[in-house]
Structures are given as structure tokens and as C-alpha cells.
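Have a look at the structure below before the remarks.
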Amino acid sequence: MIRVERISKTFGRVRALADVSLEVGRGERVAFVGSNGSGKTTLLRAMLGLVRVEGRVTVAGVDVAREPEIALRNVAYIPQIAPPADAPTREVVGAVAALRRTTVERVGVRAERLGLDLDACAATRFRDLSGGTKQKLLAALALAAETEVLLCDEPTANLDAHARAAFFEEVDARPAGHVLVLCSHRVEEVRQLVHRVVELKEGRVERDTPLDRLLETLRTFRVEVTLRPGGAAAEALLVGAGFGPSGPMRFGALCTQSEKVAIVARLVREHADAIADLSMSEVEDLRLERPAADAAADAPKLRLVKP
Ligand SMILES: Nc1ncnc2c1ncn2[C@@H]1O[C@H](COP(=O)(O)OP(=O)(O)OP(=O)(O)O)[C@@H](O)[C@H]1O
Ligand SMILES: [Mg+2]
């Protein structure tokens, strides 16, 4: 459905995309993840023909740079940053609805499901709406278009919990053959909405993995160990493995599945007598993040951390 062929983009001296190729088939739901500045938005904008790139992007076989009207007829987009429109919201909605061949009423229905009353903000200048309200409106406009392809860039970053859940439901309810491409830092978004994850790093595709496999490597646990007095050797092992004090004689750390198994197995094998208590709980509310540039060379490439 979407074919990205060897695209590259530089902004001055910044290489935003470096020889990226990928294909998104009919019915696929894909997330682009990666740290800030890794090229997610540029890749999405290139797929929409909004940035000029070396290489080629086609949607349903039509080149987005050469014939954007035809290629993008069936594509809707929720941008990361709302355009600073001065017009009243009513006019913006009317214009975009007409452009997208949908109606203001349909946009109103989608907006209401996301918790936004279109009438209440009709007279407000679009640029003066709150960040979350703008995002709800952009989502309502894109969803109302009912296109086969939906591209969204951090679509729930400014939404409250209720609106986020409603957005997930709306996207989930789209027909099975429809395509979703989502740029996201949010694990819950990735987990609920896609089944394939493309990780970008410095403008390149670092990995392209089915969601199941990625989640297995990223499942994260809070491990807490309480030691008996005199457990100095066990303490040294825990501190050496990155555990920090979390109470009297108590040490805790966030571990991936494999780290958890390794440390707990070693602790039990070598220092069973020193353990007064040991607990492990899976941590859900996390963000995908890359360690700092100066992190140890053997640090995990991508891990989940508390926001
Ligand atoms: N219009 C532009 N002019 C100059 N540099 C740009 C422009 N757009 C993007 N860049 C640069 O290209 C690189 C990739 O940016 P991009 O916005 O694609 O990253 P991203 O992965 O979407 O990041 P984030 O997670 O912060 O949204 C960055 O170094 C950014 O500064
Ligand atoms: Mg971005």
C-alpha cells in the first residue's frame, strides 16, 4: 500500500533520513518509535509528500511527490504540531471537512466521542484552542475522513486519559483492511494500536519487529529485595547490578525480563540466606527511551523508563 524506496533527507548539516526503505501493506498497523530527533516526523511527512526527499514514496503505486492529489486521496494525517491557523475554529473545520470530502456533522460526531463539543469552540480562533483541544479536533477531522490510510504523529501526547481511551477505541474500530502508521513514544499506544514496530535511529531503520517479539524483550519489572543484616555480599551484587536503596536494607531496580531472571537467579543461587524478602511486579506505565549518549556500551539499546 505504502512503499518507501531509499529516501534520504538532510536539513543543512543534519541528516534527518538516511537511505530508508520500507513497505506497509494493506491492513498493517505500524508504529515508528525512536528517540527525539531520530527522524520519525520527517519520515511521516515524506510519506505525505510534505518534505522533498531523495528517493521515492508511493501510495497504492502513485508517487506522492509527483501526483500528490491522486496519491493522497485516501490518506488522512494527524500532525504532531498543529498549524497556527488564525481563522475561527468553525471555518477551519468547514474548510478541512470540504477538502477531505466529509461533513462538519461527521467531524462533530467524532469530536464528541473524543470529548470535544465543536459548537462550544466554533467561534474561538483555532490557534487559541488549548493543546489538547487542538489535538482532539485534528484527530476528529482525520477520523471523519474515513480514509483507508491514517498517519498520526504523537496523536495522544496532549490528550487526557478519557480522550486517549476514546481515541484508541476510534482507531481500533477502523475496518480491518485499513492502514495505520503512528509515531509514538507511548508504550500503551504502541501496545494497543499496532502489531509492527519500526525503530529509527539517526535517520536509519534500526529494527523492524513484530510487536509481540518487541514486547517480550521490553517487558519490565520492578524488583525489590530486602536483605537480612550482614548480607553485605548480596548488597554488593545488587548495587553492582544497578539496584538503588529503597528502604532500610531494601534495594530496588527496574529490570527487563532477561535482566530480572539473571539477577534473581544469581541472588538465590549465591546468597539465598541473605534474602529476607523478594518481590517482582510488572511495570505498565512506561515510556520507550534510549539511554543517554554517555551510557555504558553494554546498556540496553532501548528500554522502558518511568515518565
Ligand atoms: N524543517 C526542519 N528544518 C531543519 N531541521 C529539521 C527540520 N525538520 C526536522 N529537522 C531535524 O531533523 C532531525 C529529525 O527530526 P524529526 O522531527 O523527524 O524527529 P522525530 O523523531 O520526529 O523527533 P521527536 O520525537 O522529537 O518528535 C532532527 O535533528 C531535527 O532537528
Ligand atoms: Mg516528531
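The values are calculated or read from the model by the stated rules, or taken from the named source; none is laboratory data. Quick caveat: nothing in here was measured; it's all calculated off a predicted structure. Every residue, glycine as well, gets a Cβ built from its backbone with ideal geometry; the counts of neighbours run over all protein chains shown. Side chains included, ligands, DNA and RNA excluded: accessible areas come from the protein's heavy atoms. Shrake-Rupley method; radii C 1.70, N 1.55, O 1.52, S 1.80 Å.
Descriptive notes on the structure:
- Residues of the stretch 173-194 classified as free of Cβ contacts under 8 Å to residues at least 60 places away in the same chain and closer than 25 Å to E282 by Cα, total: 2
- Failed condition for T10, given (1) in contact (Cβ under 8 Å) with a residue 12 or more places away in the chain; (2) within 11 Å of ligand 1 (Cβ to nearest atom): (1)
- Residue match in the stretch 28-42 (condition: among the β-branched types (V, I, T), more than 13 Å from V205 (Cβ to Cβ), out of contact with any strand residue (DSSP E or B) (no Cβ under 7 Å at 6 or more places or on another chain) and open to solvent by less than 60 Å² (accessible area, probe 1.4 Å)): no
- The test for being within 16 Å of ligand 1 (Cβ to nearest atom), within 24 Å of D19 (Cβ to Cβ) and in contact (Cβ under 8 Å) with a residue 24 or more places away in the chain does not hold for V75.
- Total residues in the stretch 146-182, condition open to solvent by less than 10 Å² (accessible area, probe 1.4 Å) and either aromatic (F, W, Y) or in a strand (DSSP E or B) (or both): 10
- Odd one out for A120 among (1) open to solvent by 30 Å² or more (accessible area, probe 1.4 Å); (2) over 25 Å from the mean Cα position of the chain (by Cα); (3) more than 22 Å from N158 (Cα to Cα): (3)
Residue-by-condition table, conditions (1) modelled with pLDDT under 95; (2) farther than 21 Å from H178 by Cα; (3) within 22 Å of the chain's Cα centre (by Cα):
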| residue | (1), (2), (3) |
| --- | --- |
| E91 | yes, yes, no |
| A95 | yes, yes, no |
| R127 | yes, yes, no |
| S130 | yes, yes, yes |
| L150 | no, no, yes |
| T156 | yes, no, yes |
| L159 | yes, yes, yes |
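- Those helices (runs of 4 or more DSSP H) of the stretch 1-102 in which 2 or more residues are more than 16 Å from ligand 2 (Cβ to nearest atom) and hydrophobic (A, V, I, L, M, F, W, C) occupy 68-71, 89-99.
- Condition check for A139: in contact (Cβ under 8 Å) with a residue 40 or more places away in the chain, within 23 Å of K40 (Cα to Cα) and more than 16 Å from ligand 1 (Cβ to nearest atom): yes
- Positions within the stretch 183-201 being more than 14 Å from ligand 2 (Cβ to nearest atom) and either among the aromatic types (F, W, Y) or part of a loop (DSSP other than H, G, I, E, B) (or both), in sequence order: V194, H195
- Strands (runs of 3 or more DSSP E) fully within the stretch 205-307 counting 2 or more residues that are at pLDDT 75 or above and open to solvent by less than 70 Å² (accessible area, probe 1.4 Å): 220-227, 244-247, 250-256, 275-282
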